[in-house]
Structures are given as structure tokens and as C-alpha cells.
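One structure below.
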Amino acid sequence: MFYSISGKMGARAEGFAVVHAAGLGFKLRASRATLKALPPQGSDATLFTHLYVREDIFDLYGFATEAELGFFEMLIGVSGIGPKSALAILDIAPLTELKAAIKEGRPDLLTRATGVGRKTAERVIVELRGRVDSATSGLTVEKMETDADLIEALSSLGYRREEARAALLRVDAKLRGVEERLKAALAVLSASGRK
């Protein structure tokens with residue numbers, strides 16, 4: 001019904017943002033990646049949307065890119081995956097990494113999403129494996145595994161998982177080794193004034 005919405009960026013909070021258009025404030029549930037990509041309040045913004053309607057639920061979901069919207073719609077097409085689970089999956093890693101995890105048949109990487117168990121992750125892989133494309137899936141999955149270990153290491157040092165994940169996103173993707181990526185992540189966290 002709605003494909004996109006354009007207007008002025010309003011408030012944003014954990015899990016949603018508001019876009020003002022045609023005299024209305026539209027509350028759009030969104031992934032962390034989308035919320036991060038949104039412009040400052042008062043700026044022009046466009047989000048690609050999905051309207052989710054069930055019995056007494058009428059929710060609008062917003063995405064920064066058409067690719068993210070398309071992936072979300074593929075996920076909710078899988079039995080047992082609702083929009084909340086789909087957003088939780090989108091929150092665990094960038095889209096390229098999620099596609100690689102599916103292509104490589106790695107349910108353990110998808111179960112990091114809140115509310116997604118092993119059987120559900122396996123179902124996602126079975127149903128979507130042939131529908132996602134990822135030319136460098138092997139390397140991408142290797143990086144995901146390394147980063148998962150690094151998030152554990154950083155959280156044992158007292159960092160919150162979310163700030164550890166954010167720091168790793170700022171580390172140069174060309175750095176592959178665990179030690180190199182850990183040093184770079186600690187430098188990012190140090191520069192941000194944490195610890």
C-alpha cells in the first residue's frame with residue numbers, strides 16, 4: 001500500500017522514528033542501521049516502507065534502502081518470522097553479512113538475534129538460501145565469526161555489546177586478524193572517550 005514516505009525528520013527513539021508528512025507524524029519502526037542512517041531532526045527524509053496489518057496490529061516499518069526493505073519482506077515471508085524477529089535479525093549485522101550467513105548455511109550466526117532459535121534460523125536458511133546473492137560469502141562469514149569473538153572479548157573487558165559492535169563497524173574491513181581487529185576496536189573505543 002505504501003512504498004515510501006518523504007517528509008521532515010521528527011523525533012527518534014529506540015526502535016522507531018517519526019517522519020512528518022502531509023500534516024501527519026508517521027511512526028515508523030526501524031532497524032538500528034536505518035535509525036543510524038537518518039538525517040538530523042528537521043531535515044528532509046525518505047524511508048522505504050512496509051505496512052504490516054494483522055487483526056489488531058497496524059504498524060508501519062521504515063528502511064533507509066530498498067535492499068533492506070526487500071530483505072525484511074523476504075524474512076517475514078518465512079514461517080515463524082514476524083516483523084519483530086525480522087528487525088532483530090537486521091540488527092545483528094549489516095545486510096551483506098546476513099546474506100552471507102544464509103548463503104553459507106550458518107544458523108548459529110542468525111541465532112544471535114533476540115527471539116530467533118536454531119529451528120527458526122534453519123528455516124530461514126532453507127527458505128532463503130537460493131534467493132540471496134553473496135559473491136564473497138565465505139570471507140564475510142569468517143569476518144562475522146571473528147567479530148562475534150571480539151564482541152565477547154570486549155564485553156568481558158567491561159564494554160557493552162552494542163558499543164563493541166559499533167566500534168567494530170568503524171574498524172577498517174581490510175583488517176582480518178583477530179589481534180589487529182581487537183587493537184583497532186580498542187583504539188576506536190578509546191577515541192570515543194570510553195574507558
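The values are calculated or read from the model by the stated rules, or taken from the named source; none is laboratory data. These numbers come from a predicted model, not from an experiment. Cβ sites come from the backbone with ideal geometry, for glycine too, and all protein chains shown count toward neighbours.
Confirm whether Ala93 is assigned by TED's automatic domain parsing to the domain that holds Arg123, at pLDDT below 95 and not acidic (Asp, Glu). Break it down stepwise before answering.
Details: assigned by TED's automatic domain parsing to the domain that holds Arg123: yes; at pLDDT below 95: yes; not acidic (Asp, Glu): yes.
Yes, satisfied.
Of the residues that make up the range 83-99, is at least one out of contact with any strand residue (DSSP E or B) (no Cβ under 8 Å at 6 or more places or on another chain) and in a loop (DSSP other than H, G, I, E, B)? Yes; the residues of the range 83-99 include at least one that is out of contact with any strand residue (DSSP E or B) (no Cβ under 8 Å at 6 or more places or on another chain) and in a loop (DSSP other than H, G, I, E, B). The set of residues in the range 120-150 that are at pLDDT below 85, closer than 16 Å to Leu110 by Cβ and hydrophobic (A, V, I, L, M, F, W, C) comprises Val132, Val141, Met144, Ala148.
When the residues of the range 46-69 are narrowed to those that are within 13 Å of the chain's Cα centre (by Cα) and surrounded by 14 or more Cβ atoms within 10 Å (Cβ to Cβ), which ends up farthest from Gly25 (Cα to Cα)? Can you show your working first?
Within the range 46-69, the first condition is being within 13 Å of the chain's Cα centre (by Cα), and the residues that meet it are 62-65, 67-69.
Adding the requirement that they be surrounded by 14 or more Cβ atoms within 10 Å (Cβ to Cβ) leaves 62-65, 68-69.
Numbers: Gly62: 13, Phe63: 16, Ala64: 18, Thr65: 21, Glu68: 22, Leu69: 21 Å.
Among those residues, the one meeting the criterion is Glu68.
Having 1 or more residues that are within 17 Å of Leu87 (Cα to Cα) and modelled with pLDDT of 95 or more is the bar; report the strands (runs of 3 or more DSSP E) wholly within the range 1-76 that clear it.
In the range 1-76, 16-21, 24-29, 44-54, 57-63 are the strands (runs of 3 or more DSSP E) which contain 1 or more residues that are within 17 Å of Leu87 (Cα to Cα) and modelled with pLDDT of 95 or more.
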